[in-house]
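Below: one structure, written as structure tokens.
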């Protein structure tokens with residue numbers, strides 16, 4: 001018998017937007033490439049059922065997405081004007097900051113940043129190609145700092161996406177640097193109970209919201 005997934009949790013709410021803590025295993029939106037792939041719930045459906053005030057908004061107010069196996073902060077707009085504004089700002093990386101926790105193969109230097117180029121998927125795979133050089137339109141930048149080290153379990157690292165972000169930027173980027181995430185077998189990480197990637201904090205116009213750490217992120 002499959003274990004029921006934890007439910008989403010509202011961790012912060014303002015008059016115009018709110019933040020959900022998405023459990024790992026939940027898709028963000030419905031659609032051919034999201035719902036029904038690998039099981040799990042769908043945030044868009046959950047919001048439509050539990051927040052009827054949002055059901056007339058595109059994707060029940062969701063303004064950005066997380067991969068199914070990534071947990072943490074997801075921002076939801078509460079009205080059409082806010083949805084349009086925040087969706088644009090998340091796409092363009094304007095006035096928003098996104099922080100993640102990851103556990104990855106040990107050895108990253110204490111802190112640093114990287115600018116890499118993320119292009120098409122590998123044929124027949126969802127894996128993204130990562131290169132050191134490329135077209136400016138494909139550039140993605142992130143910075144990191146190591147929070148704790150563990151040679152056997154992997155290091156816990158805080159990552160910040162700089163700008164809008166690219167698909168699989170942190171997963172592919174860390175793997176390209178030689179330190180794939182624990183549980184991320186797609187990019188060469190060691191097998192684990194789940195992907196060790198958590199959207200830990202989101203900041204909008206200086207207002208920062210923090211989601212509780214998953215157990216794997218404890219030192």
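Full extension of the chain between residue 91 and residue 123 yields a length gain of 9.0 nm, computed as 0.36 nm times the residue separation minus the alpha carbon distance. The Cα-based radius of gyration and maximum Cα-Cα distance (Dmax) for the chain are 16.9, 49 Å.
Comparing 106, 45, 16 in a Gaussian network model of the chain where C-alpha atoms under 10 Å apart are linked, the largest mean-square fluctuation is found at 16. Across 78, 123, 131, mean-square fluctuation computed from a Gaussian network of the chain (C-alpha pairs under 10 Å connected) peaks at 123. Label point 7 Å out from residue 45 along Cα-to-Cβ: which residues of region 69-111 have amide N under 18 Å? Within reach of a label on residue 45, which here means backbone N under 18 Å from a point 7 Å along Cα→Cβ, region 69-111 contributes 69-70. Overall, the anisotropy analysis places region 137-216 in the oblate class: the square-rooted eigenvalues a ≥ b ≥ c of its C-alpha gyration tensor yield a/c not less than 1.5, with a/b not exceeding b/c. Projected label points at residue 137 and residue 150, each 7 Å from Cα along the beta carbon direction, are separated by 4.3 nanometres.
Considering only 193, 24, 102, the Gaussian network model of the chain with Cα springs below 10 Å gives its largest mean-square fluctuation to 193. Compute the Cα gyration tensor for region 1-92, then decide on rounded, prolate or oblate, letting a ≥ b ≥ c be the square roots of its eigenvalues: rounded whenever a/c is under 1.5, prolate when a/b is larger than b/c in the other cases, and oblate in all that remain. Prolate. Ranked by the mean number of other Cβ atoms within 10 Å of their residues, highest first, the peptides 79-85, 68-74 fall in the order 68-74, 79-85.
Helical content of the chain, expressed as a calculated mean residue ellipticity at 222 nm, amounts to -4000 deg cm²/dmol (DSSP H runs of 4 or more residues, -39,500 (n - 2.57) each, divided by residue number, nearest 500). Listing 130, 190, 105 from fewest to most neighbouring C-beta atoms within 10 Å gives 190, 105, 130. Relative to the longest principal axis of the Cα atoms of the chain, helix 80-92 runs at roughly 10 degrees.
Between residue 193 and residue 79, the contour length at 0.36 nm per residue exceeds the alpha carbon distance by 37.3 nm. Remark: spin-label model distance residue 208-residue 167 equals 3.1 nm, labels positioned 7 Å along the Cα→Cβ axis. For region 1-92, the antiparallel share of DSSP beta bridges with both residues in that region comes to about 90%.
Bear in mind that the values in this text are calculations on the coordinates, not laboratory data. Computed from a prediction, not measured in an experiment: that's the story for all the values here. Glycine gets a Cβ as well: all are built from the backbone with ideal geometry, and neighbour counts include every protein chain shown.
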